[in-house]
Structure formats: C-alpha cells, structure tokens
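Structure first, then comments.
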Amino acid sequence: MRQEISGGNWVMAVGLVMMLMLPGCYEDEDETLAGESEPGTAAISEPEAERGDDWLRVEESEAPLVFLARRSGAAGDDLAPGFRRLGDDYSESPRMIANRVLQLWREIERNDGPGLGLRQLLDDLASDRHRAEDSLAAVIQLYRVQRRQGRNHAEAVAMATGEGS
C-alpha cells in the first residue's frame, strides 16, 4: 500500500532534513586528517561564544588531531584510532569532527564532572551502524536530547548511535 505525503508534511520533512545537513555546509577545507586549510580559503567566522578556545577555525593551520590533543591534554597517539574511525563513520571533515567532539566532551564535563576521557568519547561515538554519509551533528544532537530526557551517558550514546533500542 502506497502512502502519499501531504504538501505541508512534505515541506516539514524537507525542512528537517535541511536543518540536519546545514551544519556541514561550510566545509571549505581538504578532507584529509591533516586538516590544513587550502590557501586562500575565506574564513568563516563562528560566533565568539560558540568558538572560544574549543573551536578550530577554518583559517587555522593546526591539525584537528593535534588540536584535540592540546585542548584535552590527552596524547594524540591515544586519540588517533578513534578520531580516524569517526572520520570513516561520518560525513564531516576532520576539523568539524574535532570541533563537535571537543564541544560535546566539554559539555559532558560541565554536566557530569570529569571522568569521561576524550578517547572513550571518540570510541563511544563510533558505531558499526554508520555509513560515511551519516552526520555526526545529528548523532550528537540526538545524544543531547536523550540526556535531557534523563538517560545516562551510556544509554544516550546507545540510542544516538543506533546501538540501543
């Protein structure tokens, strides 16, 4: 049985898809793990409150993995396997993966206190159920919703990555 989507529902569905895809639209950089910006790339300015010290800007030449290690205090060699896996699992560039993961890790530290290592968070966000066209932004947003609904970290990660029910 074929079900038709009404005009209003179609517009809402397209709008939702666009909202989920929009965060990754401003990727003007090379998609390599080196994460260096192309020469002449115009800088995209993020709001200062969003960026702070936990945001690797497009015009910065620091490699995303080096940025994560520096901001978290973890060894780059410890973070590298999980970081590479997220690069394989999600459509975002290495720079955006570093930005999103670091911001989420800081948010978790503010809400739960220290204890969850960045390496563990990288591993938690990786999932065998993801395809390269999936968005880390959508997974992180679902994680945040699950936490607001009272789930603990492990439950929220399982729900967000599709590993839970």
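Could you compute the net charge surrounding R119? Neighbours are other residues with a C-beta less than 11 Å from the C-beta of R119; K and R count +1, D and E count -1.
Here the charged neighbours net out to -4.
Please list, in order along segment 114-122, the HN-Hα scalar couplings obtained from phi with the Karplus expression 6.51 cos²θ - 1.76 cosθ + 1.60 (θ = phi - 60°), rounded to whole Hz, x for Gly and Pro.
Coupling constants for segment 114-122: x, x, 7, x, 5, 4, 5, 4, 4 Hz.
Each value in this text was obtained by applying a stated rule to the coordinates, not by laboratory testing. In this text the structure is predicted, and so the values were computed from the model without any measurement. Neighbour counts are summed over all protein chains in view; Cβ atoms, including those assigned to glycine, are modelled from backbone coordinates with ideal geometry.
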